[in-house]
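Here is the structure we will look at.
The values are calculated or read from the model by the stated rules, or taken from the named source; none is laboratory data. These numbers were taken from a predicted model, which means no experiment stands behind them. A quick note on method: Cβ atoms are made from the backbone with ideal geometry, for glycine too, and the neighbour counts reach across all protein chains shown.
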Amino acid sequence: MSADRTAIDLYWLPLGAGGRSVRLNGRLFEAVAAALGRRRVCDLYHSALEARVPEGRFVIEMAPIPVDDAPGRGVVAEGAVGAGVARRLRLFRYEVRCWRDGVIPDVAEPVESPRRLSDDLDCARRLLELVPHVPTPVWGRDELRTGDMWNSNSLISWLIARSGLDIEPIKPPTGGRAPGWRAGIAVARRQQVHAARSQVVTRC
């Protein structure tokens, strides 16, 4: 399979690209976090994936549920935002998309992107098969006790780690930070350890 037909590409997008409110809130959040951590302020990024296989091109991301809630976005899972009790309200839910021929909303403003992660067909298909199985804890909280909040970056890092790609060399753009990235890696590794132990028990 040629590389031009099979690929997994990672996009780093400035937090709030295309929207002043989200960008401002992100800067305030980072200013407070930097002060508490006694470090310099960083640019914040969120991430998305694009996977191309012979069957088509798929955009994978986490996003708010749009007001019109139009079909065809490839929604495979939903989760609560801020607090689990708010899940019944659409405004406080996020969705996980595996969108055929989809569009990344902020794709016009990527930084050091796209980054080619793989052109292996089996890996790309494995990643796509994993999307519906991603954990869906409350967005912005640390329900899974990883030491980091769960958000769109957690989804992407979880998928990369679970699909078998080497995630260690993957870093945000220079001078940037990706909140939630460590959470996805931590959960993926726990699941891999659990699966390995289960296989050992089964063999015994």
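Worth pointing out:
- Of all residues in the range 93-125 being under 16 Å from the mean Cα position of the chain (by Cα) and without any contact (Cβ under 8 Å) to a residue 40 or more places away in the chain, the one that is surrounded by the most Cβ atoms within 10 Å (Cβ to Cβ): ARG97
- As a summary of the residue check, ILE104 satisfies the conditions (1) closer than 21 Å to LEU15 by Cβ; (2) of a type outside the set (D, E, K, R); (3) at pLDDT 90 or above except for the one numbered (3).
- Within the range 150-164, residues that are within 12 Å of MET62 (Cα to Cα) have Cβ atoms under 7 Å from residues that are modelled with pLDDT under 95 and aromatic (Phe, Trp, Tyr) in these pairs: TRP150/TRP139; ASN151/TRP139, counting only partners at least 6 apart in sequence or on another chain.
- A Cβ distance below 6 Å, combined with a sequence gap of six or more or placement on separate chains, defines the contacts here; from the range 130-145, residues that are touching a residue at least 60 places away in the same chain (Cβ under 8 Å) reach residues that are surrounded by fewer than 18 Cβ atoms within 10 Å (Cβ to Cβ) and not small (Gly, Ala, Ser) in the pairs VAL131/VAL76.
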